[in-house]
Amino acid sequence: MIRLIATDLDDTLLDAGSRLTDRSLRALRRAMDAGAWVTLSSGRMTEAMAPFAEAIGVNAPMILYNGALIQDHREGRTYYSHAIPLETARAVARAIEEMGIYLQAYPGSGYFCRKRTKYTDLYEASIRVPCEALGTPLSAWMAGDMVKMLAIAEPGIIDDAQACLRERFREGVCFAKSKPRYLEIVRAGVDKGRAIESLAGVLGVAQDEVMAFGDGQNDAAMLRWAGTGVAMDNAVDECKRVAQRIAPANTDDGVAQVIEQMLEAGEIGGAAAGEGR
């Protein structure tokens, strides 16, 4: 029986326009009504996840910044937080700046860039939260630990940058792609898999009672750990290799389709009546 459902947002739960469809909304609410916990697990920050969480009425703490933070936005309570230490963050930022690659930094509230580019517009259009341009290199601006950084470039460039950065920074930091142009940077040891394991412990849910949905390289650890890992049809190969099930694409309401099927089969719920909501 599935008692905890975790889903990524972009290219997983959301449609091609980064919108939550009515069908997906209904399916997640039905799962909670059946007694399941529902959480969102994304590379996004709180400000960009809260509108979806509130629309759905999620009843569990959220996993943010690719697993660097577990937080209940309803209470403002933080269960888990692991940021990149300042000196490491500065060194990584400086290396990315030397490559001439666009970079965003997330200190825990809001996000920042040196100057606006087409990638700023691309990202803002997706998450609908404005970026603050500082007019100075991020490596010079940083004054504290960074929860996350995000490098954005064309796919070939970002692939080369990932390989180079992994070679240069073998300890202290992790580099994983969430989209073909997006390279997510978090503290070593941070990933969605460890975060969902921690959240399941908080909720008293066993590993085989967890179902997780994802599509990107940064979702693979979560799908691998979950008792039922579900990769979208549009997912990268790394996700599909570790998943137990493949869902239809995000543009076909794949998350909703799987949840609907499992609800009909009586495979979601199991908690006391009303506990889910």
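The values are calculated or read from the model by the stated rules, or taken from the named source; none is laboratory data. Small disclaimer: the values here were computed from a predicted structure and weren't measured. Here Cβ is always computed from backbone atoms with ideal geometry, including for glycine, and neighbour counts include all displayed protein chains.
In the stretch 19-47, of all residues being of a type in the set (Gly, Ala, Ser) and modelled with pLDDT of 95 or more, the one that is farthest from Glu267 (Cα to Cα) corresponds to Ser42. Any residue at all in the stretch 180-200 that's more than 27 Å from Asn250 (Cβ to Cβ) and either crowded, with 17+ Cβ neighbours inside 10 Å or touching a residue at least 24 places away in the same chain (Cβ under 8 Å) (or both)? Yes, the stretch 180-200 contains a residue that is more than 27 Å from Asn250 (Cβ to Cβ) and either crowded, with 17+ Cβ neighbours inside 10 Å or touching a residue at least 24 places away in the same chain (Cβ under 8 Å) (or both). With respect to Ser126, is the statement that it is within 23 Å of the chain's Cα centre (by Cα), assigned by TED's automatic domain parsing to the domain that holds Ile152 and outside any loop (DSSP other than H, G, I, E, B) true? Against the criterion (within 23 Å of the chain's Cα centre (by Cα), assigned by TED's automatic domain parsing to the domain that holds Ile152 and outside any loop (DSSP other than H, G, I, E, B)), Ser126 qualifies. Among strands (runs of 3 or more DSSP E) entirely within the stretch 1-101, having at least 3 residues that are of a type in the set (A, V, I, L, M, F, W, C) singles out 4-7, 37-40, 62-64.
In the stretch 250-270, of all residues being crowded, with 17+ Cβ neighbours inside 10 Å and assigned to a loop (DSSP other than H, G, I, E, B), the one that is modelled with the highest pLDDT corresponds to Asp253.
I need the full set of residues from the stretch 130-154 which are buried (at least 17 other Cβ atoms within 10 Å of the Cβ), touching a Pro at 6+ places or on another chain (Cβ under 7 Å) and not in a strand (DSSP E or B), in order please. Across the stretch 130-154, the qualifying residues are Asp145, Val147.
Is it the case, given these coordinates, that Ile157 is assigned to a helix (DSSP H, G or I) and either in contact (Cβ under 8 Å) with a residue 60 or more places away in the chain or under 16 Å from the mean Cα position of the chain (by Cα) (or both)? No; evaluated as a whole, the condition is false for this residue. Residues that are surrounded by fewer than 21 Cβ atoms within 10 Å (Cβ to Cβ) and within 12 Å of Met146 (Cα to Cα) within the stretch 67-90 comprise Ser81, His82, Pro85, Leu86, Glu87, Thr88, Arg90, listed in sequence order.
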